[in-house]
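One structure below.
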Amino acid sequence: MTDRYIDQEETHIYGPYAVKKIASVVKGLVPECDGALEHMAANVEKATTAVKGALKLARTAGAGVRKGAKERKPALAGAIDVLGRFSSHLDGHKKGAVDRKTYFTKDGTAAGVGRATADVLLALGHIHGELTKDGSPVKNSTDWAADFGAAIGALTPVADHADAARTDRRESTPEIEAARAAWLLVYGAAKLVVEAVLRLTGKLQLMSEVFHDLAVAGNAKVTAPPPETSGGRGAKGDGGEVGA
């Protein structure tokens, strides 16, 4: 039995469950491999958080559509303010520490973005992506990325009119799918590392205890992790909460 399609909601179940089970079931079986296990568990956790963030942003947009276009101006003004404050923040860096055109691609200035909703949204998304890259040279990049994410969430659903807002909601779907695809890649890699340890110790039967998707029916919709069992290492619970 294996869940043939893990949707974005199920990543929230399978990911944390695998992280917990890697620590309690697999770690320590081959001490030399513990570092690799910890690394993969951390990556699964990070990828799961990314899917949650993409879903939250999409849902924020979906809820905002119902608020109507009257909120467009405040949201646009707020987004432009974020761009302006970020531009000023860049001025506070040492000369040569950052390339302004990396963030404001047209001419290196916030003014160059313009005030059209579509242009502002594109600039917000581009800068957010740059800020979330590993090794960002921008001071307090994590905090700034959060500000840009909030600005995107506020402006996207109220852009211009209802049709535009609905388009923006559809455009959030590739973001979710990208996050899900990254999660599947990391989750699959974690399986390979765990499988190696379990094969070395003759405990391959524990794969489905660590990765719950291997223990449910192929067409199942999993809504909760399986209940904890009272057994020790290697004890198995039932199949968890699933739906057709």
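What the table below lists for this structure:
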{"quantity": "Complete set of residues in region 14-46 that are small (Gly, Ala, Ser), in contact (Cβ under 8 Å) with a residue 40 or more places away in the chain and surrounded by fewer than 22 Cβ atoms within 10 Å (Cβ to Cβ)", "calculated": "SER24, ALA36"}
{"quantity": "Options VAL19, VAL30, VAL26; residue that is under 14 Å from GLU209 (Cα atoms), touching a Leu at 6+ places or on another chain (Cβ under 8 Å) and among the β-branched types (Val, Ile, Thr)", "calculated": "VAL26"}
{"quantity": "Residue selected from region 188-222 under the condition β-branched (Val, Ile, Thr) and open to solvent by less than 30 Å² (accessible area, probe 1.4 Å), by the criterion nearest to LEU29 (Cα to Cα)", "calculated": "VAL197"}
{"quantity": "Scan of region 12-52 for residues that are hydroxyl-bearing (Ser, Thr, Tyr) and over 17 Å from MET207 (Cα atoms), ordered by number", "calculated": "THR48, THR49"}
{"quantity": "Matching entry among ASP160, ASP168 (being surrounded by 16 or more Cβ atoms within 10 Å (Cβ to Cβ) and at pLDDT below 85)", "calculated": "ASP168"}
{"quantity": "Residue match in region 116-128 (condition: of a type in the set (Val, Ile, Thr), within 30 Å of THR11 (Cα to Cα) and modelled with pLDDT of 90 or more)", "calculated": "yes"}
{"quantity": "Residue count for region 90-101, restricted to those that are in a helix (DSSP H, G or I) and buried (at least 16 other Cβ atoms within 10 Å of the Cβ)", "calculated": "2"}
{"quantity": "Criterion (within 19 Å of the chain's Cα centre (by Cα) and modelled with pLDDT of 90 or more) met by exactly one of LYS46, LYS101", "calculated": "LYS46"}
{"quantity": "Pick from region 115-139, criterion touching a residue at least 12 places away in the same chain (Cβ under 8 Å), open to solvent by 20 Å² or more (accessible area, probe 1.4 Å) and in a loop (DSSP other than H, G, I, E, B), ranking: nearest to ASP91 (Cα to Cα)", "calculated": "LYS139"}
{"quantity": "Residues satisfying the stated conditions in region 171-214, i.e. modelled with pLDDT of 85 or more and acidic (Asp, Glu)", "calculated": "GLU195, GLU209, ASP213"}
{"quantity": "Residues that are open to solvent by less than 30 Å² (accessible area, probe 1.4 Å) and under 26 Å from the mean Cα position of the chain (by Cα), drawn from region 104-114", "calculated": "PHE104"}
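The values are calculated or read from the model by the stated rules, or taken from the named source; none is laboratory data. Remember, it's a predicted structure, so these values are computed and weren't measured experimentally. With ideal geometry, Cβ positions are generated from the backbone for all residues, glycine too; neighbour counts draw on all protein chains shown. Just the protein is used for accessible areas: all its heavy atoms, side chains included, with ligands, DNA and RNA removed. Shrake-Rupley method; radii C 1.70, N 1.55, O 1.52, S 1.80 Å.
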